[in-house]
Amino acid sequence: MTPRAIVELMIKMVHPTNKLDGEAELFCYDSYRNYVLWHYLTYHAPPTHLKQMDPPFKTQLDPAVGTGRFLIVANQMMPKANLVLFGIEISLALYRACLVNMAMFSNHPFTIICADTLRLDPAFTGPSSQIWDTGNQWLPPDLSRFYSKPPPITADKFSLKDFVKIGKT
């Protein structure tokens, strides 16, 4: 477990006290707006898992969220900020622990998904992707359709040919 002082230092490095530059603010606002529009066109309703926010807002992604320590501390350090929290966890037990922690301690909108961060395809998992609509479920759905390649090693098989290919890419 990362000590709190290191967590706070890293969050301060990611979210400095000075305002974001105009381009970053515009990118965040555009991606949020695009997500809301996509969600409305797809489901004919605004996303209920995100509260209405005024720009500029900040996002934080933890690709190996564990029990959510980084996201919870960010929530505590910036309680009134327009902040959207995202997390990815591969372990089902830690994913569920994070959901419980976020439900108890977060006053910001959050989406946690149960997936393998290293295999997610960046072309299909951006901020406006539908992968984030599958989050925050106690029984998470299979997200393998968002993966870029299958693993060479699984519980029931091992492919030396596929394993060697990974080293060459």
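The values are calculated or read from the model by the stated rules, or taken from the named source; none is laboratory data. No experiment lies behind these values; they were computed from the predicted model shown. We place every Cβ from the backbone using ideal geometry, glycine too, and count neighbours over all the protein chains shown.
For residues in the stretch 85-96 being under 19 Å from residue 133 (Cα atoms) and part of a helix (DSSP H, G or I), which is nearest to the chain's Cα centre (by Cα)?
The residue in question is 95.
Please indicate, with yes or no, whether at least one residue in the stretch 121-133 is part of a loop (DSSP other than H, G, I, E, B), at pLDDT 85 or above and either at positive phi or small (Gly, Ala, Ser) (or both).
no
I want to confirm something. Restricting to the stretch 134-161 and keeping residues that are of a type in the set (A, V, I, L, M, F, W, C) and modelled with pLDDT under 85, which single residue is nearest to residue 94 (Cα to Cα)?
155
Looking at the stretch 66-95, which of its residues are β-branched (Val, Ile, Thr) and touching a Ser or Thr at 6+ places or on another chain (Cβ under 9 Å)?
72, 84, 88, 90
For the stretch 103-142, enumerate the residues that are surrounded by fewer than 20 Cβ atoms within 10 Å (Cβ to Cβ), hydrophobic (A, V, I, L, M, F, W, C) and within 23 Å of residue 78 (Cβ to Cβ).
The answer is 103, 104, 105.
Only one of these conditions is not met by residue 73: (1) surrounded by fewer than 19 Cβ atoms within 10 Å (Cβ to Cβ); (2) in contact (Cβ under 8 Å) with a residue 60 or more places away in the chain; (3) outside any helix (DSSP H, G or I). Which number is it?
Exception for residue 73: condition (3).
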